[in-house]
Amino acid sequence: MEVGVAVTTMRWYPAPAKLNLFLHVLGRRADGMHLLQTVFRFIDLEDRVGLAVRDDGGIVRRDPLPGVAPEDDLCVRAARLLKAETGSPLGAEIALEKVIPMGGGLGGGSSDAATVLLALNALWGTQVPRQRLMEIGVRLGADVPVFLGGENAVGEGIGERLQPVSLPSAWYLVLVPQVAVSTKEIFTDPTLTRDTKALKIPPFLPGLGHNDLEGVVLRRYPEVARHLEWLRGRVPGARMSGSGACVFGEFASEVAAREAHAALPGTMQGMVVRGLERHPLRGGV
């Protein structure tokens, strides 16, 4: 700690992952952004974000991610954006315990940024309404608003237009291929389907829809294809989340999901997770 700087005790907050239960690409805007329709489902796989208030206005990241500059760090960018929007004189020290696989299509970075916005809004006493936080959050990424809204939702537009949706209880086996999929590469692939028709939902029925990005990813990344093929041998409706690399299958019970996990080959990694009804911070920070 710098001499003369007062810093509060660090508090820790959850940042859950999400699954895209389906992901349809409906078209493309003039600015190149894709128009989507998806269902976001929170799961109980969580990063932990640590925050302490500084009285000198500084935004400081403890133990920065190797190779990630502050201007590319979503947690730092979220804190700086909230500070700029509110004019708060306070600052923050930020720490992160990373559990959600990076680049897996589970929304970890977006969730971390959303938790920073939610928690600092409370710690700084800036009292920005949730809807306004969602408008701010989309500037950090299209997946950030759903974590700020805090409810499982149908996402449209670029993913920021949200309608809460009720989802049945479910368990999932999530497999984590050890490859890094480039989202930009997938969305710019000329073979990507971009004219899927929008579905009328809610209600949401398990197994509805598909993932339009899947075909492109499976052709480019054989490891993702291998994991999905194995999982579909147990769950025919298994699919990829987001732009990958993670794939998942839905189970009606924890026992069934854990039985499938126990049969996983030694060359594959995965985890059993539970679907959440809402974000753990939906009721307040």
Every residue in the stretch 57-79 that is surrounded by 17 or more Cβ atoms within 10 Å (Cβ to Cβ) and in contact with an Asp or Glu (Cβ under 9 Å, 6 or more places away or on another chain), please.
I59, V60, R61, L74, C75, R77, A78
Restricted to the stretch 41-56, and to residues that are touching a residue at least 60 places away in the same chain (Cβ under 8 Å) and closer than 21 Å to A78 by Cα, which residue is surrounded by the most Cβ atoms within 10 Å (Cβ to Cβ)?
F42
Residue match in the stretch 127-145 (condition: of a type in the set (A, V, I, L, M), touching a strand residue (DSSP E or B) at 6+ places or on another chain (Cβ under 8 Å) and buried (at least 23 other Cβ atoms within 10 Å of the Cβ))
no
The stretch 226-261 - residue that is buried (at least 19 other Cβ atoms within 10 Å of the Cβ) and touching a helix residue (DSSP H, G or I) at 6+ places or on another chain (Cβ under 6 Å) and, of those, nearest to F22 (Cα to Cα):
M240
Go through the stretch 81-193 and tell me which strands (runs of 3 or more DSSP E), entirely inside it, have 2 or more residues that are of a type in the set (D, E).
91-97
Could you please give the count of residues in the stretch 46-63 that are part of a strand (DSSP E or B) and closer than 28 Å to V174 by Cβ?
7
Mind checking which pairs have a first residue in the stretch 134-151 that is under 19 Å from E85 (Cα atoms) and modelled with pLDDT under 95 and a second that is among the basic types (K, R) and part of a loop (DSSP other than H, G, I, E, B), Cβ under 8 Å, 6 or more apart or different chains?
none
Residues located in the stretch 139-154, provided they are among the charged types (D, E, K, R) and closer than 15 Å to G242 by Cβ
D143
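The values are calculated or read from the model by the stated rules, or taken from the named source; none is laboratory data. In this text, all values refer to a predicted model and were calculated from it rather than measured experimentally. We place every Cβ from the backbone using ideal geometry, glycine too, and count neighbours over all the protein chains shown.
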